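Okay, structure first, notes after.
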Amino acid sequence: MSGSHHHHGHSHGHHHAHGSSDNLKAAFFLNFAFTIIEVIGGILTNSIAILSDAVHDLGDSMSLALAWYFQRLSQRGRTPQDTYGYRRYALLGGLVTGGVLVIGLGFVLWSAFHRLLAPEPVNAPGMIVLAVIGVLFNGAAVLRVKGGSSLTEKVVTWHLIEDVLGWVAVLVGAVVMAIWNLPIIDPLLSIGISIFIIWNVVRSLRQVFDVLIQKVPAAFDVMQFERDVLSHPKVMSMHDTHSWSVDGEIHVLTTHLVMQRDATRDEMIDAKSHVRRLLDEDTFEHVTVDVELEGEMCVIGSGRKGVMPCDPHDHSAHTHPHH
């Protein structure tokens, strides 16, 4: 019997992607502008710690530029070769940004441990001034992207929070060191913040990885969905159900319904509509429902089990999440 393909929410997705691109663009320019200020400030205060962070922020700026580029690329429409459009390219931005951040934090931790063993005097007043500027610039960038829902924006948000917390730590440490001679405070704060940020970035990267290997969307309960679909009076069973995410925001679902032999055309259409109603229209843009009658041969693709009878009691062909 005929399958149906529903496509919803394209304009919503395009508008959101455009907003994501603007957010990443603003974050990039704020970060790059502050990197220049930081280099100048590091030279004027003769602070190797601030110059090291300037190198780290330069890496941040490069990864933000990549994230912005990939997010813009993801806004392009679908083509015969890219049937989902370019949305998936945005994941590359999240991967690159997360990877650069983990590597950068690794260098920060390495430097901080060395500084613990041999604390060095710092120019506390100069650090206080730069830290205030750092909190303002990076705080503005965080406010710009923190409301974003894309995986890239989430990774970038932690990227920028790391910078804000880093400068808050520098500010607190510089104030303390301006009063007391305790240079060991600076590396201790740096180590604590770095470990906290790495933990959160790894969680974000795991979400990106789950999308890349086509796991079922995190908030989608396949088994509950199956129970809800089977509540339709004419649906006997369902099989070959697959669900995955294009970019962490827009999801795909395909399934085969086996309906009673006497099901009418209107009842088949109603069953398909029943499936569509169970899925969020803003996230599940691509939904394909195929319908077979009891006993009909079911074509699910090539291979040994490519053609088989649609037996509602055959649990070997039952619902399988797509991994």
Quiz prompt | Tally of residues being among the acidic types (Asp, Glu) and either outside the structural domain of residue 145 (by TED's automatic domain parsing) or modelled with pLDDT of 80 or more (or both) across segment 5-49 | solution = 1
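Would you call residue 2 at pLDDT below 70 and either assigned by TED's automatic domain parsing to the domain that holds residue 267 or more than 25 Å from residue 207 (Cα to Cα) (or both)? Lay out the reasoning, then the answer.
On the way: at pLDDT below 70: yes; either assigned by TED's automatic domain parsing to the domain that holds residue 267 or more than 25 Å from residue 207 (Cα to Cα) (or both): yes.
Spelling it out, residue 2 is indeed at pLDDT below 70 and either assigned by TED's automatic domain parsing to the domain that holds residue 267 or more than 25 Å from residue 207 (Cα to Cα) (or both).
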Practice problem: Could you pull out the residue among 120, 162 that is charged (D, E, K, R), modelled with pLDDT under 85 and in a helix (DSSP H, G or I)? | Solution: 162
Exercise. Spot the failing condition for residue 75; the list is (1) assigned to a helix (DSSP H, G or I); (2) in contact with a helix residue (DSSP H, G or I) (Cβ under 6 Å, 6 or more places away or on another chain); (3) within 27 Å of residue 144 (Cβ to Cβ), and only one is missed.
Key: (1)
Quiz item: Can you pull out the residues in segment 233-251 that are free of Cβ contacts under 8 Å to residues at least 60 places away in the same chain and surrounded by fewer than 20 Cβ atoms within 10 Å (Cβ to Cβ)?
Solution: 233, 234
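This table checks each residue for (1) at pLDDT 90 or above; (2) in the same structural domain as residue 95 (by TED's automatic domain parsing); (3) in contact with a Gly (Cβ under 9 Å, 6 or more places away or on another chain).
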residue	(1), (2), (3)
195	no, yes, no
199	no, yes, no
203	no, yes, no
208	no, yes, yes
231	yes, no, no
234	yes, no, no
244	yes, no, no
250	no, no, yes
253	yes, no, no
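Could you please find all residues in segment 165-223 being charged (D, E, K, R) and buried (at least 19 other Cβ atoms within 10 Å of the Cβ)? Steps first, please.
Just the residues of segment 165-223 that are charged (D, E, K, R), to begin with: 186, 203, 206, 210, 215, 221.
Correct list: 186 only.
Working carefully through the options 60, 82, find the one that is surrounded by 17 or more Cβ atoms within 10 Å (Cβ to Cβ), outside the structural domain of residue 283 (by TED's automatic domain parsing) and not hydrophobic (A, V, I, L, M, F, W, C). Let's see the steps before the verdict.
Working: 82 fails: surrounded by 17 or more Cβ atoms within 10 Å (Cβ to Cβ).
One residue alone meets the criteria, 60.
Could you please let me know if residue 155 is more than 23 Å from residue 125 (Cα to Cα) and either out of contact with any Asp or Glu (no Cβ under 9 Å at 6 or more places or on another chain) or not assigned by TED's automatic domain parsing to the domain that holds residue 30 (or both)? Before the answer, list the steps.
Values: more than 23 Å from residue 125 (Cα to Cα): yes; either out of contact with any Asp or Glu (no Cβ under 9 Å at 6 or more places or on another chain) or not assigned by TED's automatic domain parsing to the domain that holds residue 30 (or both): yes.
Spelling it out, residue 155 is indeed more than 23 Å from residue 125 (Cα to Cα) and either out of contact with any Asp or Glu (no Cβ under 9 Å at 6 or more places or on another chain) or not assigned by TED's automatic domain parsing to the domain that holds residue 30 (or both).
The values are calculated or read from the model by the stated rules, or taken from the named source; none is laboratory data. A quick note: this is a predicted structure, and the numbers were derived from the prediction, not measured. With ideal geometry, Cβ positions are generated from the backbone for all residues, glycine too; neighbour counts draw on all protein chains shown.
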